[in-house]
Amino acid sequence: MTQKYAVVLAAGQGTRMKSKLYKVLHPVCGKPMVQHVVDQLNKLQLDELITVVGYGAEKVQDQLGKDSHYVIQEEQLGTGHAVQQAESILAGKQGVTIVACGDTPLLTDETLQNMIDHHVEKEAKATILTAHAEDPTGYGRVIRGGNGQVKRIVEQKDASEEEQAVQEINTGTYCFDNELLFESLQNVSNDNAQGEYYLPDVIQILKDQGEVVSAYQTTDFSEALGVNDRVALAKAEKLMKQRINEAHMRNGVTIVDPAQTYIGPDVTIGQDVTIYPGSVIEGPTIIEDDVTVGPHSTITNCSVGAGTVVKQSVAADSRIGERVQIGPFAHIRPDSSLGNDVKVGNFVEIKKASFGDGSKASHLSYIGDAEVGSGVNVGCGTITVNYDGANKHLTTIEDEAFIGCNSNLIAPVTVGKGAYVAAGSTINQDVPADALSIARSRQTNKEGYASKMQPNKKD
Ligand code: UD1
Ligand code: CA
């Protein structure tokens with residue numbers, strides 16, 4: 001078996017983005033571009049993946065973490081120079097090295113695999129992934145000889161008028177014989193319009209040495225899209241969104257208006273799920289069968305059980321059970337866990353709280369730092385008073401308890417199993433199981449008070 005390595009180029013500052021954020025960290029469908037590229041490469045069972053980082057190095061390393069090894073390119077002297085930085089790890093190793101750029105987020109593992117298969121089949125020493133571009137402006141052009149064989153790649157800024165008319169472009173993704181790659185890089189010069197060491201020059205160097213150089217053309221131009229500025233970033237977003245949404249629709253998800261539905265690349269969705277417009281689903285969220293999302297709901301890093309409805313609501317970093325009713329206008333904040341058949345109604349905020357099966361908070365409540373058992377009824381306007389100005393405390397509401405409307409539960413406090421809290425109570429001591437707790441001042445009625453105050457008032 002041939003060894004397979006990959007080098008991802010991610011050291012350029014990306015001045016054309018005009019951004020404080022490092023170029024390859026700009027997100028497409030909620031995920032940084034370089035993470036898209038690395039995730040696709042990692043599907044290929046590589047023996048080694050190295051990301052070349054430079055400007056903003058720590059942030060790229062924080063993002064990719066253990067998904068990659070790293071080498072630093074201190075000065076950004078060009079893509080050829082960037083690949084050379086990986087020599088310390090890859091020098092002298094036999095095998096195939098894939099080079100990809102951190103700014104081509106739409107590249108897929110399928111196309112990468114096709115390129116490798118082509119490379120092996122042609123017994124090539126270098127294979128370029130190319131694409132046909134309606135508008136090739138800005139890309140390197142693939143120059144072929146009369147026999148159709150690839151001769152070299154010429155950059156936009158170095159190309160003659162005739163060369164600029166060529167519509168076959170270099171996607172910036174390649175396969176190389178590893179040893180020949182690093183040998184050839186030593187012969188690359190920076191004698192060009194940008195004064196940079198161009199990686200594509202390796203093609204001509206290998207060709208001149210009589211080695212087999214090949215090109216594999218992808219039929220999908222979106223895979224080639226290199227994001228250098230925010231106009232291209234918006235194009236990438238649109239194409240990625242379309243790709244993701246179409247895949248879900250083919251798998252049995254109804255997306256009422258795909259143009260207004262934003263689903264991240266790592267979201268899993270079951271069958272017969274309906275998503276209404278204005279919804280955003282991000283992170284490694286899992287949505288099971290028969291769920292309804294939206295309109296206008298945002299779900300981030302959650303698992304959502306079958307048959308649940310999330311209307312006009314926001315949920316993050318939480319586990320939501322089956323047949324749960326959320327919203328309209330509810331907010332499920334991180335570390336919450338809702339059992340099955342729970343209801344979280346309008347203007348209810350839940351934070352770091354668990355709800356057992358069948359419990360309900362239907363209107364206007366804040367339940368934070370709480371453990372709520374099953375079959376509990378949290379009346380309208382109930383507040384868990386979790387914060388004393390310094391620390392957060394836990395409220396426990398045991399199974400089948402009934403909390404009357406407009407109650408304050410001052411934590412730490414426990415309401416026992418099956419207990420009742422009278423409406424309007426401020427509870428600061430534990431309520432025993434099965435008890436009724438009333439913690440409010442008694443009502444006094446002063447008969448005839450109004451007419452004494454205003455004796456001349458007519459009815
Ligand atoms: C490059 C290719 C061009 C191709 C296009 C595809 C070269 C010289 N040109 O052009 O043929 O059509 O990609 O999108 O390779 N980088 C470094 N260190 C550097 C310079 C760049 O790590 O010193 C990284 C960048 O962060 C980026 C990638 O390499 O992720 C490509 O660099 P970029 O400047 O975007 O090259 P293009 O001009 O797009
Ligand atoms: Ca680029």
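State whether one or more residues within the stretch 166-188 are open to solvent by 30 Å² or more (accessible area, probe 1.4 Å) and within 16 Å of ligand 2 (Cβ to nearest atom).
The answer is no; no qualifying residue exists.
Which of (1) open to solvent by less than 70 Å² (accessible area, probe 1.4 Å); (2) outside the structural domain of His119 (by TED's automatic domain parsing); (3) of a type outside the set (Ser, Thr, Tyr); (4) over 24 Å from Asp103 (Cβ atoms) does Asp290 not meet, given it meets every other one?
Exception for Asp290: condition (1).
Conditions (1) open to solvent by 10 Å² or more (accessible area, probe 1.4 Å); (2) in a loop (DSSP other than H, G, I, E, B); (3) under 22 Å from Ala193 (Cβ atoms); (4) in contact (Cβ under 8 Å) with a residue 12 or more places away in the chain, marked per residue:
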residue: Val53; (1), (2), (3), (4): no, no, no, yes
residue: Lys66; (1), (2), (3), (4): yes, no, no, no
residue: Val71; (1), (2), (3), (4): yes, no, no, yes
residue: Glu74; (1), (2), (3), (4): yes, yes, no, yes
residue: Val83; (1), (2), (3), (4): no, no, yes, yes
residue: Ser88; (1), (2), (3), (4): yes, no, no, yes
residue: Gln94; (1), (2), (3), (4): yes, yes, no, yes
residue: Ala100; (1), (2), (3), (4): no, no, no, yes
residue: Pro105; (1), (2), (3), (4): no, yes, no, yes
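Do we find that Lys18 is free of Cβ contacts under 8 Å to residues at least 60 places away in the same chain, open to solvent by 60 Å² or more (accessible area, probe 1.4 Å) and away from ligand 1 (no atom under 11 Å from the Cβ) in this structure?
Details: free of Cβ contacts under 8 Å to residues at least 60 places away in the same chain: no; open to solvent by 60 Å² or more (accessible area, probe 1.4 Å): yes; away from ligand 1 (no atom under 11 Å from the Cβ): yes.
It is false that Lys18 is free of Cβ contacts under 8 Å to residues at least 60 places away in the same chain, open to solvent by 60 Å² or more (accessible area, probe 1.4 Å) and away from ligand 1 (no atom under 11 Å from the Cβ).
Do we have any residue at all in the stretch 1-15 that's under 17 Å from the mean Cα position of the chain (by Cα) and either within 14 Å of ligand 1 (Cβ to nearest atom) or assigned by TED's automatic domain parsing to the domain that holds Asp220 (or both)?
First pass over the stretch 1-15, keeping only residues under 17 Å from the mean Cα position of the chain (by Cα): none.
There is no residue in the stretch 1-15 that is under 17 Å from the mean Cα position of the chain (by Cα) and either within 14 Å of ligand 1 (Cβ to nearest atom) or assigned by TED's automatic domain parsing to the domain that holds Asp220 (or both).
Of the residues that make up the stretch 358-368, is at least one more than 30 Å from His296 (Cα to Cα), touching a strand residue (DSSP E or B) at 6+ places or on another chain (Cβ under 7 Å) and surrounded by fewer than 18 Cβ atoms within 10 Å (Cβ to Cβ)? Give the steps one after another, and end with the answer.
Here is the first cut: in the stretch 358-368, the residues more than 30 Å from His296 (Cα to Cα) are none.
Scanning the stretch 358-368, I find no residue that is more than 30 Å from His296 (Cα to Cα), touching a strand residue (DSSP E or B) at 6+ places or on another chain (Cβ under 7 Å) and surrounded by fewer than 18 Cβ atoms within 10 Å (Cβ to Cβ), so the answer is no.
Filter the stretch 99-145 down to residues that are aliphatic (A, V, I, L, M) and more than 14 Å from ligand 1 (Cβ to nearest atom), then give me how many there are.
Total meeting the criteria: 5.
Quick one: in the stretch 329-342, which of the residues that are assigned to a loop (DSSP other than H, G, I, E, B) and open to solvent by 40 Å² or more (accessible area, probe 1.4 Å) is nearest to Ser297 (Cα to Cα)?
Phe329
If you go through the stretch 124-141 one residue at a time, how many are of a type outside the set (S, T, N, Q), away from ligand 2 (no atom under 16 Å from the Cβ) and within 15 Å of Lys207 (Cβ to Cβ)?
Total meeting the criteria: 3.
Could you run through the stretch 218-246 and say how many residues are touching a Leu at 6+ places or on another chain (Cβ under 7 Å), in a helix (DSSP H, G or I) and within 14 Å of ligand 1 (Cβ to nearest atom)?
So the answer is 5.
Going by the conditions given, is Phe355 assigned by TED's automatic domain parsing to the domain that holds Ser279, hydrophobic (A, V, I, L, M, F, W, C) and surrounded by fewer than 19 Cβ atoms within 10 Å (Cβ to Cβ)? Steps first, answer last, please.
Details: assigned by TED's automatic domain parsing to the domain that holds Ser279: yes; hydrophobic (A, V, I, L, M, F, W, C): yes; surrounded by fewer than 19 Cβ atoms within 10 Å (Cβ to Cβ): no.
So Phe355 fails the test.
So the check is Cβ under 7 Å with 6+ separation or different chains; which pairs have a first residue in the stretch 196-219 that's among the aromatic types (Phe, Trp, Tyr) and a second one that's assigned to a loop (DSSP other than H, G, I, E, B)?
Tyr197/Leu77; Tyr197/Gly78; Tyr197/Val188; Tyr197/Asn190; Tyr198/Gly78; Tyr198/Glu155; Tyr198/Val188; Tyr198/Asn192
The values are calculated or read from the model by the stated rules, or taken from the named source; none is laboratory data. Since the model is a prediction, treat every value here as computed from it, not as a measurement. Don't worry about glycine lacking a Cβ; one is built from the backbone with ideal geometry, like all the others, and counts go over all protein chains shown. Accessible surface is based on the protein model in full, side chains and every heavy atom, while ligands, DNA and RNA are left aside. Shrake-Rupley method; radii C 1.70, N 1.55, O 1.52, S 1.80 Å.
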